Amino acid sequence: MEDTEANDVSIETLKEQFDTVVEKTDRSPVMKFGDFTFMSEAIGDFEGTTESEMSIKDTIFHHATHLYKKAIAERTASQNVVSSRDHDLHVLYEEVMRTGSTESMHALEKELQHREFVDSLFIQFEDSANAPEQPQDFDCLRLMVGSVEELCGPWSAYSLQYVAKLSNACDSKTVDELAIMNGKIASFCGAY
C-alpha cells in the first residue's frame with residue numbers, strides 16, 4: 001500500500017512494484033503466485049487511478065513529480081522499526097526508561113529470562129540442511145507446536161521464531177527421532 005501511494009499507478013508496473021516491495025521488505029517473505037504474463041501492465045489497471053478529472057497539464061506535472069521523486073528517492077531505515085520478535089522487549093524497555101519503576105524493571109528482567117530459557121531450549125536441536133524451506137508435514141508441526149506449548153507454556157512473540165525449527169524437524173526426522181526430541185523438550189521444560 002505504501003508503494004502504491006508513493007508512486008504513479010498509471011506508470012508503475014506490477015513488476016516494478018513487486019521488485020520494490022521485495023527490496024524494501026526485510027522482515028517477511030514477499031511472494032507472488034499465479035499467472036505472470038501481465039507483470040508489465042500498470043498497477044492502476046488493477047487498483048484504479050485518480051486521474052480521471054485531471055487536465056493534461058496536471059497529468060504531465062503529476063507524472064514528472066512521480067519520476068523526479070523516484071529518481072532522487074533515498075531509502076532510509078526508520079529508527080522506530082522493531083522486529084515483531086522484539087516488540088515485548090522494546091515496550092518493556094521503554095516502560096523502564098519512562099517510569100524507572102522497579103515493577104517495570106522486574107518485567108523487563110522476566111522477559112530477558114524467558115528469552116534465555118527459549119534460546120537454551122531450542123539451541124540443542126540442529127536444523128537439517130535437506131529439509132524443505134516451506135513446511136510440508138502440517139499434522140506433525142501442529143502436534144509439535146501443541147506439545148511444546150503444553151510442556152513449556154504458551155508461545156510468545158519471541159519464541160514463535162522457533163516454530164521453524166519444529167517444522168524443519170517434522171520434515172526431516174523420523175518418528176523415533178521426533179519422539180526423542182519431544183522427550184528432550186519435556187525434560188528441559190520440566191527442569192525449570
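The values are calculated or read from the model by the stated rules, or taken from the named source; none is laboratory data. Please read all numbers here as calculations on a predicted model, not as lab measurements. With ideal geometry, Cβ positions are generated from the backbone for all residues, glycine too; neighbour counts draw on all protein chains shown.
A few comments on the model shown:
- Matching residues in the range 165-183 - criterion: being over 16 Å from SER128 (Cβ atoms) and surrounded by fewer than 15 Cβ atoms within 10 Å (Cβ to Cβ): ALA179, GLY183
- Within the range 93-109, residues that are assigned by TED's automatic domain parsing to the domain that holds TYR158 and surrounded by 12 or more Cβ atoms within 10 Å (Cβ to Cβ) have Cβ atoms under 9 Å from residues that are among the basic types (Lys, Arg) and part of a helix (DSSP H, G or I) in these pairs: SER104/ARG98, counting only partners at least 6 apart in sequence or on another chain.
- The range 135-171 - residue that is part of a loop (DSSP other than H, G, I, E, B) and of a type outside the set (D, E, K, R) and, of those, farthest from the chain's Cα centre (by Cα): GLY153
- Close pairs from the range 122-146: first of a type outside the set (Ser, Thr, Tyr), partner part of a loop (DSSP other than H, G, I, E, B) and at pLDDT 95 or above, Cβ under 9 Å, at least 6 apart: VAL145/TRP155
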